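Have a look at the structure below, then the notes.
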Amino acid sequence: MAIAPPRIQPVSAHLHSSASPKDSDHQEKKQVCYTVWMKSLVFNGRGCTVYGQDGRAAYRVDNYACRRSREVFVMDSGGKTLLKLLKKNFGVFKTWQGYSCCNNNNGDAAATMEDQPWFRVQEYKILKKEGRYNVRAVVEVALSGEVYRILDGASHKSEYRIVGTGGEVLAEIRRKQTDAGVVLGDDVLTLTVGPTADRLLVVGLVVVCGLLDRCI
């Protein structure tokens, strides 16, 4: 039984985004803002939902009643599979691999199993002097060879930044704040994606972070 998606107001009127995911080559080069709700649209399910500026669901993850799944699918609002995430056992730290399903006409994620993963995320925690983790994970984009880092935020464990090879901030996720200045709970977040970042890749990394933190 599905829950009707709620209408979530945008963070700021000057930020614009499309509610439907687009291929990387067709993305408009502008900053976009999403609202991430760490809940599934399926009743009693586990997952998360990403809303666009218009309040409509753009991406979603539904694991139903399964916890700590080793296989997770990122879909668009209509249920078409865009990414397949697989948990792999490489060494001590947790590792997730992401496979793109956007080029499959039938949306069949199984067709990507023999392909090279689009990206790989490895948990890589480095303690700072004050006892907090600085680097949460390291991301390797297989096709381009780029290496990104996911850095913990300074104020709260649910906040972090995705940083590119040259240190530029590609995306940032923070707890959502209303126009009245009220900070919402840990399960309602604001995701800001920079103009040069691949939106689907960033959403995939946010989902992996939720899996690493056992929020999904």
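Here, each number is a calculation from the coordinates, and none is a lab measurement. Note that the structure is predicted; figures quoted are calculated from it, not measured. Note that we place each Cβ from the backbone using ideal geometry, even for glycine, and neighbour counts take in every protein chain shown.
Approximating the spin labels as points 7 Å out from Cα along Cα→Cβ, the residue 138-to-residue 93 distance works out to 0.6 nm. Sorting 138-144, 179-185 by average packing, meaning the other beta carbons within 10 Å per residue, from highest down gives 138-144, 179-185. Considering segment 165-216, its Cα convex hull presents a mean projected area of 4.5 nm².
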